[in-house]
Amino acid sequence: MKLIKNLQSRVTKFVRKRGGTLPKLFVWIYACIFIGCGTLTILGVLYEFFTHGSLNYKAVNDCIDKYFSPGVAATMGVIGVLLIDKDKDGIPDKWEQDKEDEKK
């Protein structure tokens, strides 16, 4: 538990000094990997279709199954909730709660 608190305090300090860029960086990295994997899958299916003349239905079904699974939807939901910034100061509200708790 002490390790988690220490890591959380370090990340919070980094986020506050840089104006909230760390959570946004995580989202951009995740989005790039997500889009890159999807693009590679689609290009692979198209390449196989044009070289062999038949569509690989198993690959298409696997792609749809992986990209629209409950786990991916939950990840997108959690990322969306964690990045809500109502006061538009660059720091997500979930990260600001620690600052308010420290004052009390």
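The values are calculated or read from the model by the stated rules, or taken from the named source; none is laboratory data. These figures come from a predicted structure and were not determined experimentally. Neighbour counts are summed over all protein chains in view; Cβ atoms, including those assigned to glycine, are modelled from backbone coordinates with ideal geometry.
Quick check, is Val45 part of a helix (DSSP H, G or I) and within 23 Å of the chain's Cα centre (by Cα)?
It is false that Val45 is part of a helix (DSSP H, G or I) and within 23 Å of the chain's Cα centre (by Cα).
Considering only the stretch 19-55, state which residues are surrounded by 14 or more Cβ atoms within 10 Å (Cβ to Cβ), modelled with pLDDT of 85 or more and touching an Asp or Glu at 6+ places or on another chain (Cβ under 9 Å).
Answer for the stretch 19-55, where residues must be surrounded by 14 or more Cβ atoms within 10 Å (Cβ to Cβ), modelled with pLDDT of 85 or more and touching an Asp or Glu at 6+ places or on another chain (Cβ under 9 Å): just Thr41.
Quick check on the stretch 65-75: of everything there that is loosely packed, with under 11 Cβ neighbours inside 10 Å and assigned to a helix (DSSP H, G or I), which residue is farthest from the chain's Cα centre (by Cα)?
Asp65
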